[in-house]
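Here's the structure we're looking at; comments come further down.
The values are calculated or read from the model by the stated rules, or taken from the named source; none is laboratory data. Keep in mind that this is a model prediction, so the values were computed, not measured. Glycine also receives a Cβ, built like all others from the backbone with ideal geometry; neighbour counts cover every protein chain displayed. Protein only, heavy atoms only, side chains kept; ligands, DNA and RNA dropped before computing areas. Shrake-Rupley method; radii C 1.70, N 1.55, O 1.52, S 1.80 Å.
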Amino acid sequence: MRKPSKQPCRRPVVAIHPLGGAACLLTALVLWSLTPLAVQAVAVDIKSPSPQALFAAQEIQSALSDSSSKGDVTIELEVARKGSEPELQLEGFAIHVQKEGDRSTIHIIGADPAGLMYGGLEVAEIIRVQGLDQVRAGRQNPYMALRGTKFNIPLDLRTPSYTDPCDAAQFNIPEMWNFDFWRAYIDTLARYRYNYISLWNLH
């Protein structure tokens, strides 16, 4: 049996603790074992539960896991109450940063569930690229209402893909029925703030 290392673990350890009840609160605790006796945590709390909010929380969790950022910080995700963020448009979001001593709270406020997701993705990107301490207050609204891609689907016998001898075209046909592909593709579109897919095939 290998003897335990005497050096403290310096990789971030992530634990998710979903709490039941009407609040449907998801808490993601990210613990850094800097020393055996010194542990700091970042908690991610979903105040307005939705699939979009959960996706954003998971992206924040992933960014924290890949980052060396640390601190006593709470990140809250919530849809704006009526009249609380009058400057926000559909799918817009606001980020507020509140500091009390050594403790900070990052409030992500969405105009709607989609805006809340985009705000969470924005914070996740900042954490991953610049670090948790670089998250700043601000507001963003979409410049365009529809943002998406045109996707040509080879699912008809008359499309060239069925007769095209190219390996790439032939391999693409069964991939269109792969739900893992679509899940990954749609998640990627969300990360780039797209909200629309135009699917095309011969008919």
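Table for the structure above
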item	result
Residue that is modelled with the highest pLDDT, among those in segment 142-184 that are of a type in the set (Lys, Arg), within 30 Å of Gly110 (Cα to Cα) and open to solvent by 100 Å² or more (accessible area, probe 1.4 Å)	Arg183
Total residues in segment 185-203, condition surrounded by fewer than 12 Cβ atoms within 10 Å (Cβ to Cβ), over 14 Å from the mean Cα position of the chain (by Cα) and of a type outside the set (Phe, Trp, Tyr)	3
Residue match in segment 79-91 (condition: of a type in the set (D, E, K, R) and in contact with a Pro (Cβ under 8 Å, 6 or more places away or on another chain))	yes
Qualifying residue in segment 53-65 (condition: out of contact with any Leu (no Cβ under 6 Å at 6 or more places or on another chain), at pLDDT below 95 and surrounded by fewer than 18 Cβ atoms within 10 Å (Cβ to Cβ))	yes
